[in-house]
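The values are calculated or read from the model by the stated rules, or taken from the named source; none is laboratory data. Everything numeric in this text was worked out from a predicted model, so none of it was measured. Here the Cβ is made from the backbone with ideal geometry for all residues, glycine too, and neighbour counts use every protein chain on show.
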Amino acid sequence: MTTAFDPGAAADRATAAILHDTLHGRERGVVVDSPPGAGKSTLVVRAARELAAAGRRLMVVAQTNAQVDDLVLRLAAKDPELKVGRLHSSDADAYDPALRELPSVTLSARPADLAELPVTISTAAKWAYVKAEPWEHAIVDEAYQMRSDALLAVAGLFERALFVGDPGQLDPFSVVGAEQWAGLSYDPSASAVSTLLAHNPQLPQHRLPVSWRLPATAAPLVSRAFYPYSQFRSGTGPGERRLAYGVASDGSGPDRVLDEAAEAGWGLLELPARHTPRTDPEAVGAVALVVRRALDRGAVTSDEQSPVPAPLTPSRIAVGTAHRDQAAAVRSALASLGVSGVTVDTANRLQGREYDLTVVLHPLSGRPDATAFHLETGRLCVLASRHRHACVVVARAGIAELLDDHPSTEPVRLGATAGRPTTRSSPTWPNTAWPGGRRAIPSRAGGGPRIRGRATRRR
Amino acid sequence: MPLLSTLARLEAVRAGHARPLATVRHRHLGAEPLVLVPLTTAGEAGAPLGAMLGTDRHEPRILVIPQPRDRDLRWEFLGELARLLMPHIESYADAVEPAERTETDPETGRKTKVEAELCVDAPQIVVPSRAGIEYVRLLGRSMRFRRTAEEDPENPYPAPSQVPLLGRWFTHLAERSRVPGSSMLLAATDLLSRHWATGQSNLEDQHLGSLLAWISPPEGVTGAEWALRMELGRDQDGQLLCPPAGPATDPAFDNRLLAPAIAKFDAARASGGPRDGDAVRLAERAVRKLVVSQMENTWWQTWEAIDLLRTLPPGERTEERWTRDRWSFTGHRDRVRAGEPPQPRRDDAVTAAQKLATRETEQVRLDAQEALDDPLVMAGRRFAGEAFAGEVTEVAMEWSEGKRPRPRPLLTVATEDRPQLADEGGGKVFRSLDGRQQAFEFVRREEDGQLVLRVLDKMGAGREPVAGSVPEKGDRVCWTLFEHDARGGPKLPDPENTPWTHGGPPGSATAPALDAVTDEDLL
Amino acid sequence: MSVADGTLPPVSSYPPSGPPQTTTLRQRLADLRGPAVPPRPLDARALAALAANPGCGRRALLDGAGVDKTALAAALGTPAAFGQSQFAIVRGNSFEAKVKGDGGAELLRLVHARLGAGAEPPGSDARVPDLTAAGPEGRAARTALALREATAARTWTLLDHPMLALEVAGTPAYLEPDAVVVHPDGRWTVVEIKSFPMIDGAADAAKVGAAARQAAVYVLALEQTAAKLSGAEVGHRVLLVCPKDFSNLPTAEPVDVRRERAVTRRQLDRLTRIEDLAAGLPEGLCFDPSRTAEELTEAVSAVSAAYAPECLAACELAFHCRERSRAAGDPAALGRSVRGELGGLGSIEEALAAASGAGPDGDPTAEALHQAARLRAEALELAAARPPYQAPETPECPC
């Protein structure tokens, strides 16, 4: 593929426009859609520094303590001189102890202690309890995962704000019914961005056009399936990311799917169709074995930053599941294979994280029925967009049929889509393509696992 | 559905009758619940057909509209409904006790205790089904914006007095019923299916007759058989043996019986006779008899549901939740008395967020309280790894460091349960000690699977723990990973300070327009 | 006019002839239906219902063969409970008449107000062409002509009860929406008139969903016509017209049916599997309602069903399927989610065995059920050991 597309230049142009609107725009808000691995954190750090440099007193709102701590560490690494306040709760383990080592960071549970600092960072939950004179500017991170009511609780604290988030990931939710407000522009259970844009449609909306994480094999597919209205591209071209093994395939299913994934970026390890419990022992075992074989075979990766092949370590591998009990089952299967140091978590907890190789237990594997939970496109999007090199999906056969047989009798709430930003459009079930999941499955004798890569790949 | 409830359903299939889902009653049932069985006319919003109501099952008050499309008759019905219900609701308004309420000082933001009045009891209305609750909401919406002749002398169609007031109360009750664990407006089907599992699906449990059949079938019949008869049985005229619990009626009833009777009533009136003439009265009585025949069964079934619930001992913490209902009742009483306008058509941004926050808090509270009150509910939490029961196998006294060492005993606990605790330790667990929450730190998991916990509080101020405050060797204790009470969320801005992200204060350019009563509100 | 419960009146007649390539299948389906039994035409409701339980082969085959499921259910001894109150019908008809009264002026006003996209409001030049013709094919042809003329005329046009043809598994089905409005810019908007209310701008979401799925079928049918016309485009936002609050004044909301359209399109494409289903059936099998209940039960059981409690509200045969499903101890009779939870345990019997500890070794669901049974028994024992509870005096229940 030859193209005049220069990802670095495209990303720079987008960033410049965002910073211009943020620093010099007339509107009170700027919204930035950031697909997976498009440099959202880099943008937030840069915007924070420029706002601080411009003398704007800044508050930063993130959604979890881990996100807050991560931002503080990044800011301190980038600009050790910048005075940053980390507002935390009074719980025992409210923040990452590593923050104590940073001389530029002040830690406190009392907003008054941090009032004079140029930048203060905390979670939305903590900010909601703060009573103070408004800050001149705010950066709201992970704004699509923030609920509208959480924004309501903190919006009085700032004059203007930059909202940054990934529209393709998991929607916020409520454990109690909120249907009575569906369709209202300020539905408290909807995402903060949908409320913001419903009331302020004139706000400038930007998007980061390049995913630096997803390889050339993944970006087009993820973009098409989960971001139909805000397409993005990979920052790397075909062949720039390489995954290879020191040991040749032993011909087993896991080895063949790893080879397939190394070549195509995707691999599907398909087990024979069967209705199974959620913690399908065979599928869980297969997931663990794939991980084990990747390590045993001395996997090495090379990329645009370090062309010299480097060993793929356990810390660069993640396993993603839909349910916690599945994650627990995979963890114990890995432990029994003597593997440690690999991240195993649910889609929820993998949001915002990045690995070289991911192994995903398909949320619909072995299920007799799909539910809204398993069909949530945000969940699939998270699982399919964590990797820099390759993603292996483990699933029982029959998912395409399951989707076709899924009843479609959803209630429709009047006006419910009116408030949504145009960029937030999940692909329609059952038409979403899971990598390889919707292809016609050739009939096959024998019950062993089957390996498939991307059907569209070129040899 | 949690697996434990699924298991109960499977058992019910095998047994042919319902199996318990609770060992105590998880909803408050007052001394004098009022049962309300409303019926509506098909195809028309808020056109009641009749109602049966009262606190005495043997003396129901019965209202029937012989021609539901007649606006005057509808007014009469709603006026009568208000005349019957408002005294009942208001009878709870004046018996009060002094209480304390936490308020936030607008100046300092500090929370302070304020003396307040709290109604000692509140009305409780039981309708047959969830659709009945929605109907109460609908009636509330149709009535609360009406103006009486007193309020608006120019109004060509003044509402009977108290109708707008009942509309506001119905609206309040229906909104309150969305708060988890609240008991001011309850559906009999919800009450029953919370406490018993049948051998049919959730959807089929919405049918009061068949749900009751599974729980208490007549002698000699299985619940499964009786439920089928209640659901589908028809007489030789094609009429259901067990009419639907409403508010919608059976189409076969509408078409074969009701429509001809209403037509006769129309004809009698059209023939020019006086309203109280014999022909009209006879026709009216015929409609009334038919409508009553559809409500009567449901009336008794709703009372039977209440009786069944009363056979269960009340959960210890249901009263605490009822106190919240009493606060809610008192609060609405105060708003009405202060002359505040009726609830708006749609919540503003702040009110919506506030309601959602309250419901989320109450859901957490309800989940915790039901588990603490009921070993069967706790079993479900234990199964989910959110609680564990075990035997204390060892107690080792330890003290905190510092000038005044405090007791921090270490317990070793053997359990068959599989709580979701991190292997490396950390995190807190809790037990209920005389109704108060006692905290423990999870220290580690031993090689043999036993858990080591450290007691953190409720041991008194001295160096030695107060007697009974530390579990002893051999004690069997249940710990939870969840806290026993729910914390409310942060204070939201006042509606007049709604931020720009949410449309600004109501009445500003981008905010939704204020309500006005329009022509369409008149039937 | 379709009324509150989402039913539609059946379409006038079934096409007398079809494309030759499907003759064999059509003959096979006619045999299944019974030689003397006329086919029940597929209407928008039946087509929309394809998505209600697409996994059910029984429903697909019976609908595809034009079997009258209501008659079949009655003949099986498990009559369907669907019916409509005449109060609802009367109210629905009078509301539709009101909406369309005055030469469609109000309806056109609503379309312009909600989906006008800046066009000039409809004036006295708005057209309401006469669509009467003989038979469904004639009416469909007349409608197609009217659509072409209206699109060319670039003026507001209201088509009252047009007739649309949609090819379903090789056979045309005829569909009759409440109305289609042609905009001056060539856009076609499907209008659904329903008699459930919109109160404070909100309506029963289940009913709106049903209306959206029906409208999506009309959109698909219109798209086939529009594809042959330049300048014509079918709007993916349909207009739902309902009574406002408690009045009988109309109000309207646009509903985006892209999702429903995509789902229905996919299910229509899958209808070709009827051929496979029919091919797998034994010779001589017949669903003629005049046959005995035993014969019919056997015939019906030859096609596998996917019963779930949701069928009770969507399929005439549901009570029959429920009976069979319960008799077979199928966990799905308790709800789709129950089956999902039981994983590989295919029957209630197996699940209960697993709960008692006799489940398959190493099956996590069986182990979980056993553990759940232990916890449940322990809790019930604990409760039984409590002193008996004396309920406060309540009056005797006389029933």
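Please enumerate the residues belonging to region C:333-350 that are part of a helix (DSSP H, G or I) and farther than 24 Å from A:Ala372 by Cβ. Before you say what the answer is, go through the steps one by one.
Looking only at region C:333-350, we keep the residues that are part of a helix (DSSP H, G or I), and these are C:333-334, C:336-342, C:348-350.
Selection gives C:Ile348, C:Glu349, C:Glu350.
Only one of C:Ala328, C:Ala354 is within 14 Å of chain A (Cβ to nearest Cβ) and either touching a Ser or Thr at 6+ places or on another chain (Cβ under 7 Å) or within 22 Å of B:Arg19 (Cα to Cα) (or both); which? Break it down stepwise before answering.
Numbers: C:Ala328 fails: within 14 Å of chain A (Cβ to nearest Cβ).
Result of the check over C:Ala328, C:Ala354: C:Ala354.
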Against the condition surrounded by 15 or more Cβ atoms within 10 Å (Cβ to Cβ), closer than 16 Å to B:Leu421 by Cβ, under 37 Å from the mean Cα position of the chain (by Cα) and of a type outside the set (Val, Ile, Thr), how does B:Trp500 come out, does it pass?
no
Please specify each residue of region C:44-65 satisfying the condition of being within 26 Å of C:Thr292 (Cα to Cα) and either over 15 Å from the mean Cα position of the chain (by Cα) or touching a residue at least 60 places away in the same chain (Cβ under 8 Å) (or both).
C:Cys56, C:Gly57, C:Arg58, C:Arg59, C:Ala60, C:Leu61, C:Leu62, C:Gly64, C:Ala65
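Considering each residue of region B:376-409, count those that are away from chain C (no Cβ under 14 Å) and of a type in the set (Gly, Ala, Ser), and give that number. Before the answer, list the steps.
Taking region B:376-409 and keeping what is away from chain C (no Cβ under 14 Å), we get B:392-409.
Still in the running and of a type in the set (Gly, Ala, Ser): B:396, B:400, B:402.
The total comes to 3.
For region B:277-287, check the following and say yes or no: at least one residue is more than 10 Å from chain C (Cβ to nearest Cβ), touching a Leu at 6+ places or on another chain (Cβ under 7 Å) and either assigned to a helix (DSSP H, G or I) or free of Cβ contacts under 8 Å to residues at least 12 places away in the same chain (or both).
Applying the first criterion (more than 10 Å from chain C (Cβ to nearest Cβ)) to region B:277-287 yields B:277-287.
Applying the additional criterion that residues be touching a Leu at 6+ places or on another chain (Cβ under 7 Å) yields none.
Looking through region B:277-287, none of the residues is more than 10 Å from chain C (Cβ to nearest Cβ), touching a Leu at 6+ places or on another chain (Cβ under 7 Å) and either assigned to a helix (DSSP H, G or I) or free of Cβ contacts under 8 Å to residues at least 12 places away in the same chain (or both).
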Segments classed as strands (runs of 3 or more DSSP E), wholly inside region B:59-147, with at least 1 members that are closer than 23 Å to B:Ala187 by Cβ and assigned by TED's automatic domain parsing to the domain that holds B:Leu186:
B:61-64, B:125-127
For region C:357-378, enumerate the residues that are surrounded by 17 or more Cβ atoms within 10 Å (Cβ to Cβ) and either facing chain A (nearest Cβ under 8 Å) or among the aromatic types (Phe, Trp, Tyr) (or both).
C:Asp363, C:Pro364, C:Thr365, C:Ala368
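Answer yes or no: is there a residue in region C:142-149 that is more than 14 Å from every other protein chain (Cβ to nearest Cβ) and crowded, with 23+ Cβ neighbours inside 10 Å.
Here is the first cut: in region C:142-149, the residues more than 14 Å from every other protein chain (Cβ to nearest Cβ) are C:142-149.
The next check asks that each one be crowded, with 23+ Cβ neighbours inside 10 Å; those that pass are C:143, C:147.
For region C:142-149, residues more than 14 Å from every other protein chain (Cβ to nearest Cβ) and crowded, with 23+ Cβ neighbours inside 10 Å: present.
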Which one is farthest from A:Ser365 (Cα to Cα) among residues in region C:296-352 that are of a type in the set (Val, Ile, Thr) and touching a residue at least 40 places away in the same chain (Cβ under 8 Å)?
C:Thr297
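Go over the candidates A:Leu357, A:Leu337, A:Leu383 one by one and state the one that is away from chain C (no Cβ under 14 Å), in contact with a helix residue (DSSP H, G or I) (Cβ under 7 Å, 6 or more places away or on another chain) and surrounded by fewer than 20 Cβ atoms within 10 Å (Cβ to Cβ).
Working: A:Leu357 fails: surrounded by fewer than 20 Cβ atoms within 10 Å (Cβ to Cβ); A:Leu383 fails: surrounded by fewer than 20 Cβ atoms within 10 Å (Cβ to Cβ).
Every option except A:Leu337 fails the conditions.
Is it the case that A:Cys391 is of a type outside the set (Val, Ile, Thr), outside any helix (DSSP H, G or I) and within 30 Å of A:Thr42 (Cβ to Cβ)?
Working: of a type outside the set (Val, Ile, Thr): yes; outside any helix (DSSP H, G or I): yes; within 30 Å of A:Thr42 (Cβ to Cβ): yes.
Here the answer is yes, as A:Cys391 does meet what is asked.
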Answer residue from region A:362-380, given it is in a loop (DSSP other than H, G, I, E, B), touching a Phe, Trp or Tyr at 6+ places or on another chain (Cβ under 9 Å) and within 14 Å of another protein chain (Cβ to nearest Cβ) and is nearest to A:Thr346 (Cα to Cα) among those
A:Pro363
From the list C:Glu381, C:Glu341, C:Glu323, C:Glu349, which residue is more than 7 Å from every other protein chain (Cβ to nearest Cβ) and crowded, with 16+ Cβ neighbours inside 10 Å?
C:Glu323
Regarding region C:53-62, can at least one residue be identified that is closer than 23 Å to C:Leu164 by Cα and within 14 Å of chain A (Cβ to nearest Cβ)?
yes
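In this structure, does A:Asp187 turn out to be among the charged types (D, E, K, R), outside any helix (DSSP H, G or I) and over 18 Å from A:Val32 (Cα atoms)? Working first, answer last.
Numbers: among the charged types (D, E, K, R): yes; outside any helix (DSSP H, G or I): yes; over 18 Å from A:Val32 (Cα atoms): yes.
In short, yes.
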Sole miss for B:Thr41 among (1) at pLDDT 95 or above; (2) more than 28 Å from B:Leu366 (Cα to Cα) is condition (1)
Can you name the number of the only condition in (1) assigned by TED's automatic domain parsing to the domain that holds C:Leu62; (2) touching a Phe, Trp or Tyr at 6+ places or on another chain (Cβ under 7 Å) that C:Asn248 fails?
(1)
Is there any pair with a first residue in region C:244-259 that is more than 14 Å from chain B (Cβ to nearest Cβ) and a second that is basic (Lys, Arg) whose Cβ atoms are under 9 Å apart and which are 6 or more apart or on different chains, and what are they?
C:Glu253/C:Arg114; C:Pro254/C:Arg114; C:Pro254/C:Arg237; C:Val255/C:Arg237; C:Asp256/C:Arg237; C:Val257/C:Arg213; C:Val257/C:Arg237; C:Arg258/C:Arg237
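Working carefully through the options A:Gly447, A:Gly436, find the one that is at pLDDT below 80 and touching a Gly at 6+ places or on another chain (Cβ under 8 Å).
On the way: A:Gly447 fails: touching a Gly at 6+ places or on another chain (Cβ under 8 Å).
Result of the check over A:Gly447, A:Gly436: A:Gly436.
Which fully enclosed strands (runs of 3 or more DSSP E) of region A:75-137 have 1 or more residues being touching a residue at least 24 places away in the same chain (Cβ under 8 Å), away from chain B (no Cβ under 14 Å) and under 24 Å from B:Pro493 (Cβ atoms)? So that I can check it myself, show each step before the final result.
Values: elements: A:84-87, A:105-108, A:119-123.
Once the strands (runs of 3 or more DSSP E) in region A:75-137 are filtered for at least 1 residues that are touching a residue at least 24 places away in the same chain (Cβ under 8 Å), away from chain B (no Cβ under 14 Å) and under 24 Å from B:Pro493 (Cβ atoms), what remains is A:84-87, A:119-123.
Take the conditions away from chain C (no Cβ under 14 Å) and surrounded by fewer than 24 Cβ atoms within 10 Å (Cβ to Cβ) and apply them to A:Arg413. Does it pass?
On the way: away from chain C (no Cβ under 14 Å): no; surrounded by fewer than 24 Cβ atoms within 10 Å (Cβ to Cβ): yes.
Spelling it out, it is not the case that A:Arg413 is away from chain C (no Cβ under 14 Å) and surrounded by fewer than 24 Cβ atoms within 10 Å (Cβ to Cβ).
I need the helices (runs of 4 or more DSSP H) fully contained in region A:206-316, keeping only those with at least 3 residues that are more than 14 Å from chain C (Cβ to nearest Cβ) and acidic (Asp, Glu). Walk me through how you get there before you give the answer.
Details: elements: A:219-226, A:253-264, A:281-296.
Answer list for region A:206-316: A:253-264.
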Of everything in region C:148-203, what is closer than 30 Å to C:Asp63 by Cβ, of a type in the set (D, E, K, R) and part of a strand (DSSP E or B)? Give them in sequence order.
C:Asp160, C:Glu167, C:Glu192
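What residue, of C:Ala355, C:Ala333, C:Ala327, C:Ala306, is under 26 Å from C:Pro79 (Cα atoms), over 26 Å from the mean Cα position of the chain (by Cα) and among the aliphatic types (A, V, I, L, M)?
C:Ala327
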Taking the conditions exactly as written (surrounded by fewer than 20 Cβ atoms within 10 Å (Cβ to Cβ) and among the charged types (D, E, K, R)), does A:Arg74 satisfy them or not?
yes
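Here is a check on your reading of the model: is C:Ala179 assigned by TED's automatic domain parsing to the domain that holds C:Leu110 and crowded, with 17+ Cβ neighbours inside 10 Å?
Values: assigned by TED's automatic domain parsing to the domain that holds C:Leu110: yes; crowded, with 17+ Cβ neighbours inside 10 Å: yes.
When the stated conditions are applied, C:Ala179 passes them.
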Show the residue pairs that are 6+ apart or on different chains and have beta-carbon atoms under 6 Å apart, the first residue being within region A:233-261 and without any contact (Cβ under 8 Å) to a residue 60 or more places away in the chain, the second being charged (D, E, K, R) and not in a helix (DSSP H, G or I).
A:Tyr245/A:Arg297; A:Val247/A:Arg297
